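Peer 1: Encoded as structure tokens, here's the structure I'll be asking about.
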Amino acid sequence: MTSLTSLIHSTICWRILKGVWPLPQSFTISSERYPLNPQAFYFAYGKQSAAQEGCSVLDEAFKRYFSLIFPDYISGRFYSEAIFILYALRVSAGQASLKAETVWGALRGLETFSQLVYQEDFGSYFVNKTEIEDFPRFQFRGILLDTSRHYLPVRAILKTLDAMAFSKFNVFHWHIVDDPSFPYQSRTFPDLSAKGAFHPMTHIYTQSDVRRVISYARMRGIRVLPEFDSPGHTQSWGKGQSDLLTPCYRGSTPSGTFGPVNPALPSTYKFMATLFKEVSSVFPDSYIHLGGDEVNFSCWKSNPDVRAFMQKMGFGTDFTKLEAYYMENIVNITTALNKTSIVWQDVFDYHERIPKDTVLHIWKGDPASYEAELSRITKAGYRVLLAAPWYINHISYGQDWQKKKIHIPFTGTEEQKKLVIGGEVCMWGEYVDATNLTPRLWPRASAAAERLWSDEKQTSNVDKAFPRLQDFRCKLLRRGIQAEPLFVGHCKHEYQGV
Amino acid sequence: MLKFASLLLALSFCQGRQHHNINNDDEVVPVFQASKYSSLWPLPQKVQISEISFKLSGTSFKIVDAKESSAGSSCSILQSAYRRYYEYMFGSAKKQWGGKNRRADLTELHVWITSPDSECDAYPGVTSDESCESFYGGLETFSQLVYEDEYGAKNINSSKISDFPRFAHRGVLLDSSRHFLPIKVILANLETMAMNKINVFHWHIVDDQSFPYLSRTFPQLSQQGAYHPYTHVYTPADVKMVIEFARLRGIRVIPEFDTPGHTQSWGKGQTDLLTPCFSGSKPSGTFGPVNPILNTTYDFMTQFFKEVSTVFPDTYVHLGGDEVDFTCWKSNPDIQKFMEQQQFGEDYSKLESFYIQRLLDIVSTTQKGYLIWQEVFDNGVKLKADTLIHVWKGNQQQYQNEMANVTASGYQTLLSTPWYLNRISYGQDWQGFYKADPQDFKGTDEQKKLVIGGEACLWGEYVDATNLTPRLWPRASAVAERLWSASNVTDIDDAFNRLSLHRCRMVERGIPAEPLFSSYCPHEYKGV
């Protein structure tokens, strides 16, 4: 194939679309096909394209996608030119064109194009005459990795970012610290990781590690959303920052154990302001996840100073008010840093006085209860992210990807629906580390990816999705992603590692 | 002054003993131990670990044959194991401890094989295994006693251990039919089996979905029946490699060629082997189990199992016999006629028995013993007295009843029901595997003795090279300890502490064994 002309409108050809995932919004693929010659094929910036040679995101992407499209081809020449959305992709004889408003759309279009190319038994490459217009259903399509319960080597994170781009995920929610360990090496408070990480040298993320993750993600059109969860889930913080956590009491004496962050001390807020100032400069994304989930009140209750503070503030014995007070302060800190806050749903559940631009993150309950929560939160006018159905760390026997493909349910007005900005697949780390992360995540997360990207009506049939996902999974293997099988069968190129 | 540990293997008594008798006059270094048995897994029968520790150095440490040993440098099993274990103990350390100003306290491990016949060139077998595996067990145990201190130096504590397995048959089943498993994956898991003192690789090599075994006699079986005739098959050389790799680690390879059900893939390369199903009076074009009424079937099986018996040196072969669906047989008019002739009435299990009995006769002529799944026993097929019945069905009460019934009938048995590791669930399911015990059923002591062990099964519907290893380990390690260690080793907390360290050791040796819970390993998995 070398130059582009006419378009053919034909009925949807599922056979040819089998490896395309998530399904584009609208597409026409004809049975007319063109051979691709790796020696002659190149990407070029369109003459009218705003991005031209030197645009690092696209230059890098061309390089990447060349070898994804032609996995057998060793040394390719790269003419760093090209065309680009979100995107419109048109493949016709001689030339293919990809039009996108921004480079991010172009990245998605390149991914789709690379999925359209297939190899015949004799090794030659083909692409069919195609026309695609595509855009995501939701703007926030995230994956959460938890690097506190187990440390994930940077390499494992980068590999996940690769695979995320293949499924058109665009947010890496980095649950970077939690009770078990504090691997983030802070410039301002180096003791946090020196004392709070599993190991102060080998089990930390240095500033350059973090930068590397962010820039690797950026090249793939992925935002990095850091989460510094407080006031609960902070046991590891206390090791390197004295007086941050609440000392628990047994009777009238300290028991030697610690609870959530101490909300009664001014020093706490000073520390948080300094830490978040650093975090907001290290992580360029305009959002910060502040956590706020699962705060256990028993330690606060036991502490006489906290009780005195409650009295002083007029909170009575309602500790949710104390928690709300704390979260409000933290949200104000990040607002002052020009960052938008995302918090777990708990914050909404006990407290409605939070800034309107805060995003609520739903993680709890069965379908009935998260549906109700979706309605309540959007009715109150807040934007919302859904994670509850996609706790992918929960495993069970069989094809549970089908359940991950659940439709996003709702009772509410159109206005309310617009407040749902997307969803997130959560891989909590209790039972997951570098040994099993990739096969546990893929292709199960891809099921959620399609729900978040594609049109729900076109993709609700699980039986139709199955062969396409199976083919996509083989494609992941071919690209070196250790994605587990959906059911019995084989891939032409099996995974070659152990 | 002698500075060595000895590994004494009293093969003549079919039981290994291991001592670490170390003369030493150096300083005593106290060592922190989470479990008083540190990271030993599976727990040896008798362990005494003292507080006295000795330093080892990779530059000076040697594993050598004891003078009195009946096996020497010509014994390839020993020599390749020495090297393997040296690498486990010292290979990962980037900087060898032991600068010139430091001394190593322990420089040699003497390995003493006491039996006159060292079995160096033999295959591990049912009868010899307790003795032979003491050797692998002993080296593995020694390597597990070695630990790294905070300066990266290798240490070992003065210890006395004598050890032998509780059960002779400690197996792992891998299924290479539902998904093809590249040789590399099989070898890596044999390696890991040895780390867990598992001594049987039950190779469920073919099934409905594909026939990857390349038969010399019937090459069309894999040519037509494999997922791909070249990239998804096990050639004779591959099979040989697996068997030899296993032998060097004291692991038996028992192949399973399951019939008459689970044979869809066989039919592709062998016409007339499977029963044609009928819809009404016409063949429907689909096929059922092996056709039991044709002489050609038995001619085929005779030739086929003759080949199998020469390719696989183990004295046992697994013949399957599970889950036979009768609907196709019922639909076929020729079979109906045959049933009438044989006066089987409507009882198709009699037809199944008819097939199995002829098959067992065929296999008996190859001088092999056989294992069969429990249905064959349940259906009352006449079995040779030394047949092993493999129990896999039902809930706890049902399998315990089955074990009682099988042993009451005088047959030897092994258990898999509680160890279907392909069935995953959220959380620490290894604890359930750990608590199950194959001798936990109502029966006499005589009956209990007929339990030869058990097997962890990893069926392949949802498993291939991408996820096999982390799904199997360390969950199968829980089974390994149940089958090796004394029956009263049941402390879950102590097991957790040791197993956590054992899993980190597997990770350090390059095996992606998944975590038990939130935690870390000093050397995390590098193979991402």
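Peer 1: Points 7 angstrom from Cα along the Cβ direction at residue B:409 and residue A:208: gap in nanometres?
Peer 2: The two pseudo-label positions are separated by 6.9 nm.
Peer 1: Another one. May I ask you to sort B:247, A:376 by Cβ crowding, counting other Cβ atoms within 10 Å and putting the fewest first? Write out the running numbers ahead of the final one.
Peer 2: Working: B:247 21, A:376 17.
Neighbour counts put them in this order, fewest first: A:376, B:247.
Peer 1: Testing the spin-label approximation: label points 7 Å from Cα along Cα→Cβ at residue A:67 and residue A:102. State their distance in nm.
Peer 2: 2.8 nm
Peer 1: So, one more: Sequence-distant or interchain residues sharing an amide H contact under 5 Å with residue B:258, placed H: which?
Peer 2: Answer set, sorted by chain and number: B:206.
Peer 1: Using the 10 angstrom Cβ neighbour count as an exposure proxy, how do B:311, B:242 rank, fewest first?
Peer 2: B:311, B:242
Peer 1: For segment B:169-509, just run the numbers: alpha carbon Rg, then divide by 2.2 N^0.38 Å, N being how many residues it has.
Peer 2: The reported ratio for this selection is 1.01.
Peer 1: Still on this structure, I have one more. Please rank A:438, B:286, fewest neighbouring Cβ atoms within 10 Å first, as an exposure proxy.
Peer 2: So the ranking, lowest neighbour count to highest, is B:286, A:438.
Peer 1: Still on this structure: Using the Cα gyration tensor of chain A, with a ≥ b ≥ c the square roots of its eigenvalues, what is the shape: rounded (a/c below 1.5), prolate (a/b larger than b/c) or oblate (neither)?
Peer 2: Here chain A falls in the prolate category.
Peer 1: Tell me, what ³J(HN,Hα) does each residue in segment A:356-368 have, in order and in whole Hz, if you take phi through Karplus 6.51 cos²θ - 1.76 cosθ + 1.60 with θ = phi - 60° and put x for Gly and Pro?
Peer 2: For segment A:356-368, the Karplus curve yields 5, 8, 5, 9, 9, 10, 8, 10, 9, x, 7, x, 4 Hz.
Peer 1: Using amide H atoms built in the peptide plane, which far-off residues or other-chain residues are under 5 Å from residue A:340 H to H?
Peer 2: A:287, A:288
Peer 1: What lysines does residue A:301 reach when the alpha-carbon gap must be under 21 Å and sequence neighbours fewer than 8 apart in one chain are set aside?
Peer 2: Straight-distance partners of residue A:301: A:312, A:321.
Peer 1: Can you work out ³J(HN,Hα) from phi for every residue in segment B:247-260, in order, using Karplus 6.51 cos²θ - 1.76 cosθ + 1.60 and θ = phi - 60°, giving whole Hz and x for Gly and Pro?
Peer 2: Result, rounded to whole Hz: 4, 5, 10, x, 10, 7, 10, 9, x, 10, 10, 7, 9, x.
Peer 1: Among B:368/B:448; B:382/B:448; A:47/A:99, which pairs are too far apart, with a Cα-Cα distance over 18 Å? Each step should come with its number before you reach the end.
Peer 2: Details: B:368/B:448 24 Å; B:382/B:448 22 Å; A:47/A:99 12 Å.
From the list (B:368/B:448; B:382/B:448; A:47/A:99), the Cα-Cα distance tops 18 Å for B:368/B:448; B:382/B:448.
Peer 1: A further question follows. So for segment B:169-509, averaging the separation of alpha carbon pairs under 8 Å that are six or more residues apart and normalising by length, what relative contact order in percent results?
Peer 2: Dividing the mean separation by the residue count of segment B:169-509 yields 17 percent.
Peer 1: With an 8 Å cut-off on Cα pairs and a minimum separation of 6 or more residues, tell me the relative contact order of segment B:429-528 in percent.
Peer 2: Once normalised by length, the contact order is 30 percent.
Peer 1: Using modelled amide H (1.01 Å from N, peptide plane; none on Pro or chain starts), what sits under 5 Å from the amide H of residue A:425, excluding residues fewer than 5 places away?
Peer 2: Those qualifying (amide H under 5 Å, at least 5 residues apart or on another chain) are A:142, A:143, A:144.
Peer 1: Next question, about the same structure. For residue B:491 and residue B:401, compute 0.36 nm times the residue count separating them, minus their Cα-Cα distance, and round to one decimal in nm.
Peer 2: My answer for the length gained is 29.8 nm.
Peer 1: Of all trypsin sites (Lys or Arg not before Pro) in segment B:367-432, which ones are in loop regions per DSSP and have a Cβ with at most 13 other Cβ atoms within 10 Å? It would help to have the intermediate numbers written out before the result.
Peer 2: On the way: sites: B:368, B:382, B:384, B:393, B:423; in loops: B:368, B:382, B:384, B:393, B:423.
Here the sparse-neighbourhood loop sites are B:382, B:384.
Peer 1: Averaging sequence separations of C-alpha pairs under 8 Å and six or more residues apart, then dividing by the length of segment A:319-473, give the relative contact order as a whole percent. The partial results should precede the final answer.
Peer 2: Details: 177 pairs, mean separation 28.6, N = 155.
In percent, rounded to a whole number, it is 18.
Peer 1: Then there's this: Hand me the trypsin sites (Lys or Arg not before Pro) from segment B:430-491 located in a DSSP loop with no more than 15 other Cβ atoms within 10 Å, in residue order please.
Peer 2: Within segment B:430-491, the qualifying trypsin sites (Lys or Arg not before Pro) (loop, at most 15 other Cβ atoms within 10 Å) are B:442.
Peer 1: Treating only the Cβ of Lys, Arg, Asp and Glu as charged (+1, +1, -1, -1), what charge dipole size does the protein assembly as shown show about its Cα centre? Round to the nearest 20 debye. Show your work: numbers first, answer last.
Peer 2: On the way: 105 positive and 110 negative charges, 471 e Å.
Charge dipole, the protein assembly as shown, about its Cα centre: 2260 debye, nearest 20.
Peer 1: Working from Cα positions, state the angle (0 to 90°, nearest 10) between the long axis of helix B:492-508 and the longest principal axis of chain B.
Peer 2: 90 degrees
Peer 1: Return the sequence-ordered ³J(HN,Hα) values of segment B:444-449 in whole Hz as given by the Karplus equation 6.51 cos²θ - 1.76 cosθ + 1.60 applied to θ = phi - 60°, using x for Gly and Pro.
Peer 2: So the Karplus estimates, Gly and Pro as x, are 6, 4, 4, 4, 4, 5 Hz.
Peer 1: Calculate I(q)/I(0) for segment A:162-213 by the Debye formula, one identical point scatterer on each C-alpha and no solvent, and give its log10 at q = 0.26 Å⁻¹ to two decimals.
Peer 2: -0.96
Peer 1: What whole-number value in cubic angstrom gives the convex hull volume per residue for the C-alpha atoms of the protein assembly as shown?
Peer 2: Roughly 210 Å³ of hull volume per residue.
Peer 1: So for segment A:26-133, taking the charge dipole from beta-carbon charges (+1 Lys/Arg, -1 Asp/Glu), which of A:50, A:61, A:130 sits furthest toward the positive end?
Peer 2: Toward the positive end, the furthest listed residue is A:50.
Peer 1: Still on this structure, I have one more. Can you pick out the pairs among B:337/B:393; B:268/B:337; B:154/B:526; A:159/B:435; B:160/B:393; A:379/A:403 whose Cα atoms lie more than 30 Å from each other?
Peer 2: Table pairs above 30 Å Cα-Cα are B:337/B:393; A:159/B:435; B:160/B:393.
The numbers here are math on the coordinates, done by the rules we state, and not lab data. Computed from a predicted structure; not experimentally measured. Ideal geometry is used to build each Cβ from the backbone, glycine not excepted, and the neighbour counts take in all protein chains shown.
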